[in-house]
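Chemist: Sharing a structure here in structure tokens format.
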Amino acid sequence: MPTTTQAREILAALRLENVRYAIRDLAVLADEVAKTGKKILPLNIGDPLKFDFATPPHMIEAVHRAMRDGHNGYAPSLGVEEGLKAIAGEAERRGIRNVQSIFVTAGVSEGVELCLSSLCNPGENVLTPAPEYPLYSAVLAKIESPINAYYLDEEQNWEPDIEEMASKITAKTRGIVIINPNNPTGAVYSRKKLEAVCELARQHNLVVFADEIYDKLILDDDVEYISLASIAPDVPVITFSGLSKPYLAPGWRVGWAICSGPMQALKPYIEGVHKLLRARLCSNAPMQYAIKPALEGPQDHLKEMNGKLRRRRDVTVQWANSTPRVSCVAPKGTFYAFPKLDIAGEDLDFVKGVLTEKQVLVVHGSGFGQKPGTRHFRIVFLPDEATLTKAYAGMADYLKEHYR
């Protein structure tokens, strides 16, 4: 007769202890507040479709047509041919030369994971920005790569401090992550700064991971946007982009990577990435048929979108810089702002407080990593101006009530 024993705890792998995603982790607390019947003003997640933005109709029709035409099976591991050709055309328009490989992924997130996993052995590191988009630290924790952060300089419009970045490079450093336009700060980097990053990569034989998913969301006419790979055809660069943000299709999970640089240097690494691409079969097949119409079709929605974002950015910055204990470097791109808090205590306590008392959901700066001793919070300024004004009034009242 079989004996029964009490089941023991099944522990998760230790490497997951450092995996955090502050943006969605806070949503758990927001759900608890919402269950009390209070309406949350969400300024936390960068999903334009939750607000007054819509996926361009010609992209939706392209996906419908692909499904009707029977493109519902597996796609090639690198991606659908017409989509890859359209991405190659986009790379050329951006001035990216010496392209060695292009592949489509399930959003930029999968591309980041595949490319970092293919580069780093356990114990090796990649320079990542602080503050950063937390996907990078989560993936690096998973592959047992220690975090090696370089700080963005708030006094210099949140651009990287090249000297500080150089001081973090060790014998185990394999690459540099550049998020431009930047999440969470909204910074758009100058040509001079990008050239300095490329020179560091040359000197130390590093791969540059250029996350450029917000490249078409530039909020000021006098700001020049430069794709990093375009100024360094001799440097190994992986440029990430996709349909989620500029083409308003985040749920479709269509991203891509453009690998450029000298073939002799890149060949073994690209072969490693391709091996992982084959192992996961393919990205979502029908949605890939939206790539060509997105990149080559009407771009009218971008002018309308950037106009809305510019006005909402201005409301945000005006509020931040006129409210006691808050200040903000004006974002030049994206739909994020990263205001500074002059308060005692932690920014997480501030964020939890404004959520529970004023029902405004933002994300604490410490959830993105930040310079020790500083306090910030990230605002997503996608909602309309009336919603933003109401949310900012609530936060101002909370500051008045709790930080005299």
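The values are calculated or read from the model by the stated rules, or taken from the named source; none is laboratory data. None of these values were measured; they are calculated from a predicted model. Because the Cβ atoms are built from the backbone with ideal geometry, glycine has one as well, and the counts that use them run over all protein chains shown. Each accessible area value is taken on the protein alone, full model and side chains, heavy atoms only, with ligands, DNA and RNA left out. Shrake-Rupley method; radii C 1.70, N 1.55, O 1.52, S 1.80 Å.
Chemist: Does ARG174 satisfy being on the phi > 0 side of the Ramachandran plot, charged (D, E, K, R) and touching a helix residue (DSSP H, G or I) at 6+ places or on another chain (Cβ under 8 Å)?
Modeler: On the way: on the phi > 0 side of the Ramachandran plot: no; charged (D, E, K, R): yes; touching a helix residue (DSSP H, G or I) at 6+ places or on another chain (Cβ under 8 Å): yes.
It is false that ARG174 is on the phi > 0 side of the Ramachandran plot, charged (D, E, K, R) and touching a helix residue (DSSP H, G or I) at 6+ places or on another chain (Cβ under 8 Å).
Chemist: Every residue in the range 280-290 that is open to solvent by less than 30 Å² (accessible area, probe 1.4 Å), assigned to a helix (DSSP H, G or I) and farther than 16 Å from SER244 by Cβ, please.
Modeler: Correct list: PRO286 only.
Chemist: Return a yes/no flag: does the range 337-352 have any residue that is in contact with a Gly (Cβ under 8 Å, 6 or more places away or on another chain), closer than 21 Å to ALA30 by Cα, outside any helix (DSSP H, G or I) and modelled with pLDDT of 95 or more.
Modeler: yes
Chemist: Quick test for you: out of ALA257, ALA196, pick the one residue that is touching a strand residue (DSSP E or B) at 6+ places or on another chain (Cβ under 9 Å), touching a residue at least 24 places away in the same chain (Cβ under 8 Å) and assigned to a helix (DSSP H, G or I).
Modeler: On the way: ALA257 fails: assigned to a helix (DSSP H, G or I).
Going through ALA257, ALA196 in turn, just one is touching a strand residue (DSSP E or B) at 6+ places or on another chain (Cβ under 9 Å), touching a residue at least 24 places away in the same chain (Cβ under 8 Å) and assigned to a helix (DSSP H, G or I): ALA196.
Chemist: Can you tell me how many residues in the range 344-360 are open to solvent by 10 Å² or more (accessible area, probe 1.4 Å) and in contact with a strand residue (DSSP E or B) (Cβ under 9 Å, 6 or more places away or on another chain)?
Modeler: The number of residues fulfilling the criteria is 6.
Chemist: Moving to a separate point now. So which residues in the range 318-328 are outside any strand (DSSP E or B) and open to solvent by less than 20 Å² (accessible area, probe 1.4 Å), if there are any at all? Write out each step before concluding.
Modeler: Narrowing the range 318-328 to residues outside any strand (DSSP E or B): 318-325, 328.
Passing the criteria: ALA320, THR323, CYS328.
Chemist: In the range 296-328, how many are among the hydroxyl-bearing types (Ser, Thr, Tyr) and touching a residue at least 24 places away in the same chain (Cβ under 8 Å)? Walk me through it before giving the result.
Modeler: Filtering the range 296-328 for residues among the hydroxyl-bearing types (Ser, Thr, Tyr) gives 316, 322-323, 327.
From the residues that got through so far, the ones that are touching a residue at least 24 places away in the same chain (Cβ under 8 Å) too are 316, 323.
Residues in the range 296-328 being among the hydroxyl-bearing types (Ser, Thr, Tyr) and touching a residue at least 24 places away in the same chain (Cβ under 8 Å): 2 in total.
Chemist: Could you count how many residues in the range 139-161 are more than 18 Å from PRO372 (Cα to Cα), outside any loop (DSSP other than H, G, I, E, B) and open to solvent by less than 20 Å² (accessible area, probe 1.4 Å)?
Modeler: Number of matching residues: 3.
Chemist: Do you know which of the residues in the range 163-193 that are within 21 Å of the chain's Cα centre (by Cα) and assigned to a helix (DSSP H, G or I) is surrounded by the fewest Cβ atoms within 10 Å (Cβ to Cβ)?
Modeler: Quick first cut of the range 163-193, residues within 21 Å of the chain's Cα centre (by Cα) only: 165, 174-191, 193.
Adding the requirement that they be assigned to a helix (DSSP H, G or I) leaves 165, 191, 193.
Working: MET165: 20, ARG191: 12, LYS193: 21.
Restricting to residues being within 21 Å of the chain's Cα centre (by Cα) and assigned to a helix (DSSP H, G or I), the top hit is ARG191.
Chemist: Picking from PRO339, PRO293, PRO331, which residue would you name as being on the phi < 0 side of the Ramachandran plot, open to solvent by 10 Å² or more (accessible area, probe 1.4 Å), of a type outside the set (D, E, K, R) and in contact (Cβ under 8 Å) with a residue 24 or more places away in the chain? Break it down into steps so the answer makes sense when it comes.
Modeler: Working: PRO339 fails: open to solvent by 10 Å² or more (accessible area, probe 1.4 Å); PRO331 fails: open to solvent by 10 Å² or more (accessible area, probe 1.4 Å).
Of PRO339, PRO293, PRO331, the one residue that is on the phi < 0 side of the Ramachandran plot, open to solvent by 10 Å² or more (accessible area, probe 1.4 Å), of a type outside the set (D, E, K, R) and in contact (Cβ under 8 Å) with a residue 24 or more places away in the chain is PRO293.
Chemist: So, one more: Looking only at residues that are over 18 Å from PRO293 (Cβ atoms) and among the hydroxyl-bearing types (Ser, Thr, Tyr) in the range 49-97, which one is most open to solvent (accessible area, probe 1.4 Å)?
Modeler: TYR74
Chemist: In the range 48-60, is there at least one residue being within 22 Å of ARG280 (Cβ to Cβ) and in contact (Cβ under 8 Å) with a residue 60 or more places away in the chain? Please lay out each step first, then the result.
Modeler: If we filter the range 48-60 for residues that are within 22 Å of ARG280 (Cβ to Cβ), which is where we start, we get none.
Within the range 48-60, none of the residues are within 22 Å of ARG280 (Cβ to Cβ) and in contact (Cβ under 8 Å) with a residue 60 or more places away in the chain.
Chemist: Residues of the range 235-265 being of a type in the set (A, V, I, L, M, F, W, C) and either at pLDDT below 95 or open to solvent by 50 Å² or more (accessible area, probe 1.4 Å) (or both), which ones?
Modeler: Here is the first cut: in the range 235-265, the ones of a type in the set (A, V, I, L, M, F, W, C) are 235, 237-238, 240, 243, 248-249, 252, 254, 256-259, 263, 265.
Of everything in the range 235-265, those that are of a type in the set (A, V, I, L, M, F, W, C) and either at pLDDT below 95 or open to solvent by 50 Å² or more (accessible area, probe 1.4 Å) (or both) turn out to be MET263, ALA265.
Chemist: So which residues in the range 260-290 are polar (S, T, N, Q) and without any contact (Cβ under 8 Å) to a residue 60 or more places away in the chain?
Modeler: Start the filter on the range 260-290 by keeping residues that are polar (S, T, N, Q), which leaves 260, 264, 283-284, 288.
Listed by number, the list holds a single entry, GLN264.
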